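The values are calculated or read from the model by the stated rules, or taken from the named source; none is laboratory data. Not measured: the values here are computed from a predicted model. For neighbour counting, all protein chains shown are included, and Cβ atoms are generated from backbone atoms with ideal geometry for every residue, glycine included.
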Amino acid sequence: MRSDFSLRNVVIAGNWKMNKTKAETEAFFDAVKEVEVKAGVEAIVCVPFPYLITAKRLTENTAVQIGAQTMHFEKNGAFTGEVSPVMLQDIGVTHVIIGHSERREYFNETDETVNKKVLAAHEHGLTPIVCVGETLEQRENNETLSHIEQQVSYALAGLSAEQVKQTIIAYEPIWAIGTGKTASSEDANEVCAHIRSVVSKVASSEAANEITILYGGSVNMKNIDELLATSDIDGALIGGASLEADSYKKLIEAGNRRK
Ligand code: 13P
């Protein structure tokens, strides 16, 4: 299946994970607030919960959007320590990462909770950035495509084709996260094209053509152009290289070049 990437935005999403202080958050957004983000490019930064309101305030009237890194699927209730989709929507957050491999590994996130969270995100007008990816062992055993197919089908179960189109999927091979090892652009593109064929099966070929698919795993300013030059990778979910304003701005410039 051939996809038409002119239909889709280029998305440059930072995932700060559990990093930065309030002062560092302020300095970062002060440095990126004037950044040029071309039409058809989206710049998103997913910050820790305590800094969401600060980040929202500092990016008012800028092209930078703010996302959270996880959430609960219930609206409210006795879930000590959790944050609900209603709360995120209430403070103007637009995106939320769901099912990051670190959440799956350390915090018991399962395909089932990922699906509940994806449904809840849509119900509350948040765009979910759903992470999928294989372990090194699965890649070596040739199980990558079947594993990704299972994670994607599970995550999207019960969504309308319209909601599927409004979902972002991030392919993040676990062995490439924070290791300095990037998947080759061919391998990453092969998996992203496979994700499109899964979306075509579970939703529609139109949804497959329109859904935004990102690559994540040791993306930096040296390798991003090559990744973005492929047919099925629409952007990147970036950890380490999104932490410094200069580096994040260079990644956005790469997104601008692609449009
Ligand atoms: P790194 O870019 O640091 O490898 O992290 C990738 C990631 O997990 C983004 O969600």
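Just one of (1) touching a Gly at 6+ places or on another chain (Cβ under 8 Å); (2) more than 14 Å from the ligand (Cβ to nearest atom) trips up Val198, so point out which.
Failing condition for Val198: (1).
List the residue pairs whose Cβ atoms are under 8 Å apart, where the first residue sits in the range 153-169 and is within 14 Å of Val114 (Cβ to Cβ), the second is surrounded by fewer than 18 Cβ atoms within 10 Å (Cβ to Cβ) and among the charged types (D, E, K, R), and the two are 6 or more positions apart or on different chains.
Short answer, once both residue conditions are applied: Ser153/Lys201; Tyr154/Asp111; Tyr154/Glu112; Ala155/Asp111.
Tell me, which residue of the range 94-104 that is free of Cβ contacts under 8 Å to residues at least 60 places away in the same chain and out of contact with any helix residue (DSSP H, G or I) (no Cβ under 6 Å at 6 or more places or on another chain) is farthest from the ligand (Cβ to nearest atom)? Before you say what the answer is, go through the steps one by one.
Here is the first cut: in the range 94-104, the ones free of Cβ contacts under 8 Å to residues at least 60 places away in the same chain are 94, 96, 98-99, 103-104.
Still in the running and out of contact with any helix residue (DSSP H, G or I) (no Cβ under 6 Å at 6 or more places or on another chain): 94, 103-104.
Numbers: Thr94: 17, Arg103: 10, Arg104: 12 Å.
For the range 94-104, the residue satisfying everything is Thr94.
If Lys117 satisfies all but one of (1) assigned to a loop (DSSP other than H, G, I, E, B); (2) more than 16 Å from Glu172 (Cβ to Cβ), what's the number of the condition it fails?
The failed condition is (1).
Out of Glu172, Glu186, which single residue is of a type in the set (Asp, Glu), within 15 Å of the ligand (Cβ to nearest atom) and more than 21 Å from Gly158 (Cα to Cα)?
Just a single option satisfies the conditions, and that option is Glu172.
Between residues in the range 14-27 that are in a helix (DSSP H, G or I) and residues that are of a type in the set (Gly, Ala, Ser), which pairs lie under 8 Å by C-beta distance while being six or more apart or on different chains?
Thr25/Ala55; Ala27/Ala245
Would you mention how many residues in the range 1-45 are of a type in the set (S, T, N, Q) and at pLDDT below 95?
2
Any idea which of (1) of a type in the set (Ser, Thr, Tyr); (2) closer than 25 Å to Thr54 by Cα; (3) surrounded by 17 or more Cβ atoms within 10 Å (Cβ to Cβ) is the one Thr144 doesn't satisfy?
That leaves (2) as the condition not met.
Among the residues of the range 123-143, is there at least one that is of a type in the set (Val, Ile, Thr), within 16 Å of the ligand (Cβ to nearest atom) and more than 15 Å from the chain's Cα centre (by Cα)?
Looking through the range 123-143, at least one residue is of a type in the set (Val, Ile, Thr), within 16 Å of the ligand (Cβ to nearest atom) and more than 15 Å from the chain's Cα centre (by Cα).
If we scan the range 217-229, do we find a residue that is buried (at least 23 other Cβ atoms within 10 Å of the Cβ) and more than 16 Å from the ligand (Cβ to nearest atom)?
The answer is no; no qualifying residue exists.
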